[in-house]
Structure formats: structure tokens, C-alpha cells
1. What's the number of the only condition in (1) open to solvent by less than 80 Å² (accessible area, probe 1.4 Å); (2) within 20 Å of Ala326 (Cα to Cα) that Lys260 fails to meet?
2. So, in the stretch 1-41, exactly how many residues are assigned to a loop (DSSP other than H, G, I, E, B), modelled with pLDDT under 90 and farther than 22 Å from Gln235 by Cβ?
3. Restricting attention to the stretch 312-331, does a residue exist that is loosely packed, with under 14 Cβ neighbours inside 10 Å, more than 22 Å from the chain's Cα centre (by Cα) and assigned to a helix (DSSP H, G or I)?
4. Quick check on this structure: which one of Ala161, Ala82, Ala86 is closer than 26 Å to Ser324 by Cβ and aliphatic (A, V, I, L, M)?
5. Among Leu247, Leu232, which is the only one that is over 30 Å from Leu168 (Cα atoms), within 16 Å of the ligand (Cβ to nearest atom) and open to solvent by less than 70 Å² (accessible area, probe 1.4 Å)?
6. Against the definition (modelled with pLDDT of 95 or more, within 16 Å of the ligand (Cβ to nearest atom) and not assigned by TED's automatic domain parsing to the domain that holds Leu343), how does Tyr142 come out, yes or no?
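The values are calculated or read from the model by the stated rules, or taken from the named source; none is laboratory data. Since the model is a prediction, treat every value here as computed from it, not as a measurement. Here the Cβ is made from the backbone with ideal geometry for all residues, glycine too, and neighbour counts use every protein chain on show. For accessibility, only protein heavy atoms count, side chains too; no ligands or nucleic acids. Shrake-Rupley method; radii C 1.70, N 1.55, O 1.52, S 1.80 Å.
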Amino acid sequence: MKEKQHPNYLCVHAGQLKDTIYGGATAPIYTSTAYDYRGEGTNLYPRYFNTPNQVALGKKMAALEHTEAGMIFGSGMAAISAVFLAFLKTGDHIILQRAIYGGTSHFVAAEFEKLGIEFTMIEHVNKESLQTALKSSTKMVYMETPSNPLLEVTDMTLVSAFAKANSLTSVIDNTFASPINQNPADFGIDIIIHSATKYLGGHSDICAGTVSCSQQHMDQLWKTAKNYGGSLSDQTVYLLERSIKTLGLRVKQQSKTAKKIARFLEKHPDIKKVNYPGLKSHPQYTLAKKQMKAYGGMMSFELEDHINETLFLELLEVIFPALSLAGVESTILAPTTTSHSLLTPEERKEQGISDRLLRFSVGIEEASILIADLENAINNSRSK
Ligand SMILES: *Cc1c(COP(=O)(O)O)cnc(C)c1O
């Protein structure tokens, strides 16, 4: 039945564990770390990612990302590092987009050399840049779209075609879009990763990660992942499953509100620039429209020079200056002093990250309240 493919249906029902004893509406939580080994099938153990709650949520993530299999990790970085370590070995080469999550580029810079894995980071992802970076030892392409913090959009059809033509594994970090707004598997991408700490958790109180892919890729990932031991406790798996039930509703509201706010900021004389894939002025608007169902709750913008940024942030009463993103509450941060502070000023400039850039994660509050908050802060932070 077609309705049963609807994301809101999948968010609530896909993979749901039944309470067969008491008939409760929600899933029971199985907290055991010791299971009777004489039963059928595999030995159950939390670090093997195969306890009932872990498996059930993996099925939900597979359904939401249109893949055969899904697995839940203790953090987004646990998922990302397991994917790297499962599909790359000493002597291999990987092509990454430069504008990726700070923690991921940090992992690449700090760990790959030790492991003897070569990497090339490319500025703008297109046929030429991919072809130029390609080596005989290349095994993987790794991208993030839309990217953090500039919301650059990468052509997933191009990336998957390039990967297939050269027998590479293609990986997308789909955290910013969430499975509600974008499904990379539909564009031929092999492995889809989420930091579930963001939209999937959605309430700024869970740290987790997910991977969705084919069963074949999952079998290979599992063999490595269980050795590194980055699984998530069943109590938190349950909390994450509970959060995902409202993912579709939250992301729909956040996307709608963000579009209104992006339009408001774009027209505002005290705002220099707005980066939001749902604006016609976005350089990859047409591509975003093709790949995304809605444009999400993330944007970034720059204040005009006559606005005192410190004062502007201080004057916000609803929007909360905080690290991390994608919660039900609106948050804002300056990447230069937070998420991208490990980059040198030159590196930030190369990537187009201005010192005055602000990254805004739109929550589920009414657009009118958020716009009033921004308006008030702008009006009272102009330097005389
Ligand atoms: C936060 C984030 C990560 C890392 O996730 P953790 O849960 O913090 O380990 C990876 N990718 C993106 C795009 C993120 O925003």
C-alpha cells in the first residue's frame, strides 16, 4: 500500500517492536547484556548491534532511507569512523569534499596518516574535480549535502555515477537534510550516515549515529564495527526511536519556518548574505529542488558591517546561542569561534567562511516569534 511508504507512517511504525505480553502501544526496552545462547540465530549482545531494540531501530532507519539495512551507533562519529575503517585499508585513497563536518575533517587529518590511508579534499564537487582527484588506489567518495555551514549542495547523481564507473563506495552524510527531506539511496548512493544527535534525536538530549545501506555493505560494516565497539545502549536506542516518531512533523515545520525566515533575512537591509538552499538566489537552487523534498531548518547568514555581532547575539531572547543544531529550540552560532575554530583563518577564507558568518538552526517555534526576535536584535545592535 502506497500510504505505508509515507515518511510519517514509517517514522511511527517501521521496525516497531511489539509488546506481545501486555499489548502496550510502545516498544518494550530490552536491557539485557546476557542472552541464552542456546536459542535460534545469532548470539545477542549489545556490542554486536543485534539486541531487539537495536535491530528494530536499524529497520526503521533502513525504511526511512530506502535501503535494505540500518545500524545504530553511539555517536555520529562512531558511525563515520566505522564506515571509514570498514571500507578502507592501508594504501587506499579516499576523495572527500572539503566542506564537511569539522569532526569528520579532524578525524581524517588526525587518524588517516597513522593508518596509511591517503586522502584528497576537493573544493567544489564536479566531474573535473572528481576526475582530477581520482587515483588507481581510490576506494571511496565521501560527501555532505547540504554542507555545514555554507549549505552548499552537491549533485548526488553525479557522485554516484562517478563512484559506479570507478568501482568506489559512495558515502553521504545526510545529517543536515534528514531522511525526511532527502534520500541519497534514491540517487544511487551506497552508504548514508546520520549524526542522530541532530534531527533524528531532535531534542538536544541524545548523542547517537546511524548508517543505512545494502545488506551486503552492512555485512562488511558489521564485521569491523563490532571490533571497535561503538554501539548505543538500549535505553538510548529506545529514546531515539521515540524521537524519530515525530521526525516528519518536526522537520516539516522547521523547513517551512526556515524558508520564511530566509526570505525575511534576504530582504533585510542589515543582512549582507543568506545561504539557504530553498532561496532562488542560492547558486544550486535548481539542484536542491531536484534532490530535496523541502530545504530543511539550517541556514547561515552574514550581518552587514555596521551591526555589532556580539551585541546582536546578546540581544536575542528566543534564539539560543549554542553549539550543536537541529533541536526543537532555535539555536545560533558563529562557526569561526566554535565549529570551525580549528581551521586556520586562511583555511576558513578558502572555504568561504567569513568571520562574521552565523549558522542558524531553526526550531519548531512560530516563524513570527523568531522573526520578531531577529528584528529586535538587529534594530538594537547597529553601531552609531
Ligand atoms: C554533529 C555532526 C556529526 C557528528 O556527530 P556526533 O553525533 O557529534 O558524533 C557528523 N556530521 C554532521 C553533519 C554533524 O552535524
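1. Of everything listed in (1) open to solvent by less than 80 Å² (accessible area, probe 1.4 Å); (2) within 20 Å of Ala326 (Cα to Cα), Lys260 misses just condition (1).
2. So the answer is 6.
3. For the stretch 312-331, residues loosely packed, with under 14 Cβ neighbours inside 10 Å, more than 22 Å from the chain's Cα centre (by Cα) and assigned to a helix (DSSP H, G or I): present.
4. Within the list Ala161, Ala82, Ala86, the selection yields Ala82.
5. Only one candidate passes the filter, namely Leu247.
6. Yes; evaluated as a whole, the condition is true for this residue.
A quick yes/no check of all residues on (1) modelled with pLDDT of 95 or more; (2) assigned to a loop (DSSP other than H, G, I, E, B); (3) away from the ligand (no atom under 15 Å from the Cβ):
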position	(1), (2), (3)
Thr336	no, no, yes
Leu342	no, yes, no
Lys349	no, no, yes
Gly352	no, yes, yes
Gly363	yes, yes, yes
Ser368	yes, no, yes
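Condition check ((1) within 8 Å of the ligand (Cβ to nearest atom); (2) buried (at least 24 other Cβ atoms within 10 Å of the Cβ); (3) over 17 Å from Ala69 (Cα atoms)) across all residues:
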{"site": "Asp173", "(1), (2), (3)": "yes, yes, no"}
{"site": "Pro179", "(1), (2), (3)": "no, yes, no"}
{"site": "Gln182", "(1), (2), (3)": "no, yes, yes"}
{"site": "Ile189", "(1), (2), (3)": "no, yes, no"}
{"site": "Ile192", "(1), (2), (3)": "no, yes, no"}
{"site": "Ala196", "(1), (2), (3)": "yes, yes, no"}
{"site": "Gly202", "(1), (2), (3)": "no, yes, yes"}
{"site": "Cys207", "(1), (2), (3)": "yes, no, yes"}
